[in-house]
Amino acid sequence: MLTYSIRRLLIAIPTLLFISLVIFLILEMAPGDPLADQPLTVPPEVREKMRAALGLDQPAWVRYLLWLKQFFWTEPLHLVDSLLGTGFADPAGRIVSWQFRAPAMDIIWQRLPQTLQVVGLAYLVGVIIAVPIGIISAYRQYSWFDNIGTFVSMVGFSVPTFFTGVVLIIVFAVNLHWFPSIYDTTLKVTDWESFLKQARQMVMPVTVLALFNASQISRFMRASMLDNLQQDYVRTARAKGMGEKVVVLRHVLRNSLIPVVTVIALGIPTIFGGAIITEQVFKVNGLGQLLITAIYANDLPMVQTLTFIFAALTVLFNLIADVLYGVLDPRIRYD
Amino acid sequence: MRLKSALLGAAAGIALAPAAFAERGADGHLNIIYWQAPSILNPYLSSGTKDVESASMVLEPLAGFNEKGELFARLAEDIPTLANGGVSEDLTTITWKLKPGLLWSDGTAVTSADVVFSYEYCTHPEGGCAQAARYEGIQTVEALDDLTVKVTFTAPKPNPYNAFVGSTSPIIQKAQFANCLGAAAPQCTEANFGPIGTGPFTVTEFKPNDVISMAANANYRDPAKPAFATVTFKGGGDAAAAGRAVLETGEFDYAWNLQLAPDVLAGMEAAGKGKVINAFGTLVERIEMNMTDPSPSLAEGERSTVKHPHPILSDIRVRKALSMAIDRNLLVEVGYGKAGRPTCNLVPAPEMFASDNTECLTQDVEGAKALLEEAGWTDSDGDGIRDKDGKKLSLLYQTSVNAVRQDFQALVKQWWSEIGVETELKSVDASVFFGGDPGSPDTFQKFYADVEMYANNFDGTDPEPYLSQYLCDKIPGPDNGWQGENINRFCDPAYDTLVAELAKTGEIEKRAEIAKKLNEMLTKDSYVVVPLVDRGRNSAHSNTLGGVVLNTWDSELWNTSDWFRVK
């Protein structure tokens, strides 16, 4: 298992380099200009100078190599510096976002808690409600509970979050005034009152995202349970006189969880990617909003860095999911 | 009458008294929402409106513009003029005096060295300063003493109020930015995200593209202001959500630039939590005529260049007929409601510069048809499209992707088809259209179309730089990398001469007269530029926020020091 993991990690290196090149080339070939949102009153000569100050007068391959050096050498060194208080990295060499004129990684770190709180919690809530729903739906297949569950998950899966989000805002913020329509990212939880405030502003975005996640995962859970319930070992367990509780929760559930756990693990990188639309709708301003505004502003270093981090996380969690598979199912051996 | 106005004045004085004598910070917290989020608080590194306006609560210039477009002193003691000797007789120098006793928010004194430094910061060749145009034509900026700054121009400057005037040209603190000159500018993240200023507020925390937290500046020059102790300046989302947060839920006090359909905005306002306010500036939505041939049959590098005059639009009668066929009142009603008014002028304001040119406001389809007949365009084959010498009267009409612009395109296409002109519509993503990438065929500068529509305006109140865009030598083409502001490829020696005369004229009345003439040469005399709508701006404030005066000549947040809570 260890040699397998190491081998996978080594293969990941050329994969990631290739991904970074593809991202760079796509961004390079895409139309657009980082100065497009500057007003027309800025004269062309000034625009030319601003472009040069961003380093845009360099050829593309120089900019790509520079980014590689910045991402794989300067940024890790800077991280070491800030953790240990050393001074290895040259602050001038960091990846600088064009729209903020500030180190891109600093802003990513600043945005991370917001996204993990809202999107991460929504994922957790989604999983917690999806697993029991999946189990009961499968155990009582075609019952009224299963039918309602199927209906709700179909709705949750097919109605886009920009619709559910705005509906929730109009009902609960505009008409009922229960929850705020705009998320306050400056709120610090220090006491009971601010905790309640934080909880109140998280209710709507978390609900929207959790509904979406839960509908997906509950379908997987249900399908996997149904597969296992038909197996011979279930009949054997029942024939041995085991109680239904033991049969379902110990034998069937454990075996059904194997594919579901990998699905859940593969979904974790999407938490870091943020929820672009939901974050926009509720003004959560996390990583998703950071990415979309960077795309609008043609802030290539920021877009490149963010998408590459997402790509790296996806590769990593793919590996984790594969390893988990082996851990959960002793029949699977990679070596 | 006199007594009545005196009484009214006294009553107004009493009514305003509680606000005027309020203590600094007595009104608690203010919430502002901009649906475009500020990315940086240094206007010298970004000229995005969201960045300049948010920074204007912290950083101030020597003088600003009020809601009527008039200059007023901010950090300066008064406005230097020819009359008070601040501007030299030969128009080559202007001498500013700072108010004595001014302090930065960190408690240190504001001196003329800071003003000189602001100039050096923006004019550094490697800095990529976004406001460099404001410091054009300056030879030196020198400090005569601690409070006096003398600006010397390379040539007589009839309008010397460019440098250090308006929110795009503020004074930054030398002590804070001393190590941030030129290429080092982007590394000064702390300074760029939290500039020390002289304005009514100071930055306590800045989260780029998200939120700014501000507090009242303890060293602000008026001890009674600002009335608010703290401010949350939230950014992001969309105009509808920002409008909702002010007009319907009441979570926010002020929302900027609500570009929403007139009926949507009216619906929100009906909730009764706030008011929509609007004001007009110089932003004009217009159709630009291409005077050169954009035909794809021409070689690359010759398309849309002065080598080939436009086969159809070179005839003024065609251009005039196209303008006559448009119903500008309907365009306003459909696209902008209260935030727009029909115009025939490229320079619609300030009032003294606006020409009395209203002929185009009435649609005249029959007149347009007659004019085209006269120009020799007839429908010889009966297919509804006019032709001449075997060539169809068919035009490509491009603009950027924007719901209102696509509505306008459809309406104009309809009117033009009524007079026998076939129109092909094209819309380009705004970041490409305005991006200026010389490699792209779809930029507004390259103008590979017969007519195109967009909006433009000018900074401040003086239209001279704006009107100078139409000089012969500012035509974009392959030789200058398609940079140049004379989008129409208009070239008239008489126009060039008149612009040169404007550049030499100091008297304001004379200037206004010349500017009006120039405006007419581009519009009603030649129909090279076909103005459609004078676009105002909609913003909204809650009913509990007082003191808001919408200003289109400077930052919208120009007078936040006077804002207060209505109790």
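Annotations
- Total residues in the stretch B:364-418 satisfying the condition of being part of a helix (DSSP H, G or I), without any contact (Cβ under 8 Å) to a residue 40 or more places away in the chain, under 28 Å from B:Gln445 (Cβ atoms) and of a type in the set (S, T, N, Q): the figure is 1.
- Which listed residue is touching a residue at least 24 places away in the same chain (Cβ under 8 Å), in contact with a Gly (Cβ under 8 Å, 6 or more places away or on another chain) and in the same structural domain as A:Arg219 (by TED's automatic domain parsing), from A:Asn298, A:Asn255: A:Asn298
- Those residues of the stretch B:85-103 which are within 17 Å of B:Arg74 (Cβ to Cβ) and surrounded by 22 or more Cβ atoms within 10 Å (Cβ to Cβ), in sequence order: B:Ile94, B:Trp96, B:Leu98
- A residue that is touching a His at 6+ places or on another chain (Cβ under 6 Å), in a helix (DSSP H, G or I) and of a type outside the set (Lys, Arg) cannot be found anywhere in the stretch A:273-285.
- Condition met for B:Pro342 (more than 14 Å from chain A (Cβ to nearest Cβ) and of a type outside the set (Asp, Glu)): yes
- Residue match in the stretch B:346-362 (condition: surrounded by fewer than 17 Cβ atoms within 10 Å (Cβ to Cβ), more than 24 Å from B:Ile316 (Cβ to Cβ) and away from chain A (no Cβ under 14 Å)): yes
- So B:Asp473, is it on the phi < 0 side of the Ramachandran plot, part of a helix (DSSP H, G or I) and surrounded by fewer than 21 Cβ atoms within 10 Å (Cβ to Cβ): yes
- Condition check for A:Ile292: modelled with pLDDT of 85 or more and in a helix (DSSP H, G or I): yes
- Residue list for the stretch B:249-277, restricted to those being in a loop (DSSP other than H, G, I, E, B), under 26 Å from the mean Cα position of the chain (by Cα) and acidic (Asp, Glu): B:Asp253
- Condition check for B:Gly128: free of Cβ contacts under 8 Å to residues at least 12 places away in the same chain and either away from every other protein chain (no Cβ under 14 Å) or on the phi > 0 side of the Ramachandran plot (or both): no
Quick grid of which residues meet (1) touching a Lys or Arg at 6+ places or on another chain (Cβ under 8 Å); (2) over 22 Å from A:Met221 (Cβ atoms); (3) at pLDDT below 85:
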| position | (1), (2), (3) |
| --- | --- |
| A:Val247 | yes, no, no |
| A:Arg254 | no, no, no |
| A:Ile268 | no, no, no |
| A:Gly273 | no, yes, yes |
| A:Val281 | no, yes, no |
| A:Leu287 | yes, yes, no |
| A:Phe317 | no, no, no |
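- Residue count for the stretch A:93-120 under the criterion of being among the β-branched types (Val, Ile, Thr), within 11 Å of another protein chain (Cβ to nearest Cβ) and over 21 Å from the mean Cα position of the chain (by Cα): the result is 1.
- Scope the stretch B:283-334; condition closer than 30 Å to B:Pro262 by Cα, out of contact with any helix residue (DSSP H, G or I) (no Cβ under 9 Å at 6 or more places or on another chain) and of a type in the set (Asp, Glu); matching residues: B:Glu288
- Going through (1) facing another protein chain (nearest Cβ under 9 Å); (2) in contact with a Lys or Arg (Cβ under 9 Å, 6 or more places away or on another chain); (3) without any contact (Cβ under 8 Å) to a residue 60 or more places away in the chain one by one, B:Glu424 falls short only on (1).
- Flag for A:Arg250 being free of Cβ contacts under 8 Å to residues at least 12 places away in the same chain, touching a helix residue (DSSP H, G or I) at 6+ places or on another chain (Cβ under 7 Å) and more than 19 Å from A:Phe145 (Cβ to Cβ): no
- Taken over the stretch A:175-199, the criterion of being within 14 Å of chain B (Cβ to nearest Cβ) and within 19 Å of B:Ser213 (Cβ to Cβ) is satisfied by A:Pro180, A:Ile182, A:Tyr183, A:Asp184, A:Thr185, A:Thr186, A:Leu187, A:Lys188, A:Lys197.
Listed here are the residues, each with its yes/no results for (1) over 19 Å from B:Pro531 (Cα atoms); (2) surrounded by fewer than 19 Cβ atoms within 10 Å (Cβ to Cβ).
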{"site": "B:Glu374", "(1), (2)": "yes, yes"}
{"site": "B:Gly384", "(1), (2)": "yes, yes"}
{"site": "B:Leu393", "(1), (2)": "yes, no"}
{"site": "B:Tyr397", "(1), (2)": "no, no"}
{"site": "B:Leu411", "(1), (2)": "no, yes"}
{"site": "B:Glu418", "(1), (2)": "yes, yes"}
{"site": "B:Lys426", "(1), (2)": "yes, yes"}
{"site": "B:Pro441", "(1), (2)": "yes, yes"}
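- Test: A:Tyr325 is closer than 24 Å to B:Ala241 by Cα and surrounded by fewer than 18 Cβ atoms within 10 Å (Cβ to Cβ): no
- Boolean, B:Ala163 is hydrophobic (A, V, I, L, M, F, W, C) and surrounded by fewer than 23 Cβ atoms within 10 Å (Cβ to Cβ): no
- Residue check, B:Val246 assigned to a strand (DSSP E or B), within 14 Å of another protein chain (Cβ to nearest Cβ), modelled with pLDDT of 90 or more and buried (at least 19 other Cβ atoms within 10 Å of the Cβ): no
- Contact map, the stretch B:251-270: first residue more than 17 Å from B:Leu550 (Cβ to Cβ) and of a type in the set (A, V, I, L, M), second residue assigned to a helix (DSSP H, G or I) and modelled with pLDDT under 90, Cβ cut-off under 6 Å, separation 6 or more or different chains; the map is empty.
- Taking each residue of the stretch A:78-92 that is more than 14 Å from chain B (Cβ to nearest Cβ) and looking for partners that are surrounded by 12 or more Cβ atoms within 10 Å (Cβ to Cβ) and of a type in the set (D, E, K, R) with beta-carbon atoms closer than 7 Å, six or more apart or interchain, yields A:Gly87/A:Asp81; A:Phe88/A:Asp81.
- Qualifying residue in the stretch A:200-218 (condition: in contact with a Phe, Trp or Tyr (Cβ under 8 Å, 6 or more places away or on another chain), more than 14 Å from chain B (Cβ to nearest Cβ) and not in a helix (DSSP H, G or I)): no
- Residues satisfying the stated conditions in the stretch A:168-198, i.e. among the small types (Gly, Ala, Ser), in a helix (DSSP H, G or I) and closer than 17 Å to A:Lys283 by Cβ: A:Ala173
- Reported count of residues in the stretch B:511-555, each being small (Gly, Ala, Ser), more than 23 Å from B:Leu30 (Cα to Cα) and assigned to a loop (DSSP other than H, G, I, E, B), is 1.
- Among the candidates B:Ser314, B:Ser304, the residue that is among the hydroxyl-bearing types (Ser, Thr, Tyr), touching a residue at least 60 places away in the same chain (Cβ under 8 Å) and more than 14 Å from every other protein chain (Cβ to nearest Cβ) is uniquely B:Ser304.
- Boolean, B:Gly460 is farther than 25 Å from B:Ala515 by Cβ, at pLDDT below 85, within 13 Å of chain A (Cβ to nearest Cβ) and touching a Phe, Trp or Tyr at 6+ places or on another chain (Cβ under 8 Å): no
The values are calculated or read from the model by the stated rules, or taken from the named source; none is laboratory data. Being a predicted model, the structure only gives us computed values, none of them experimental. No Cβ is skipped: glycine too gets one built from the backbone with ideal geometry, and neighbour counts run over all protein chains shown.
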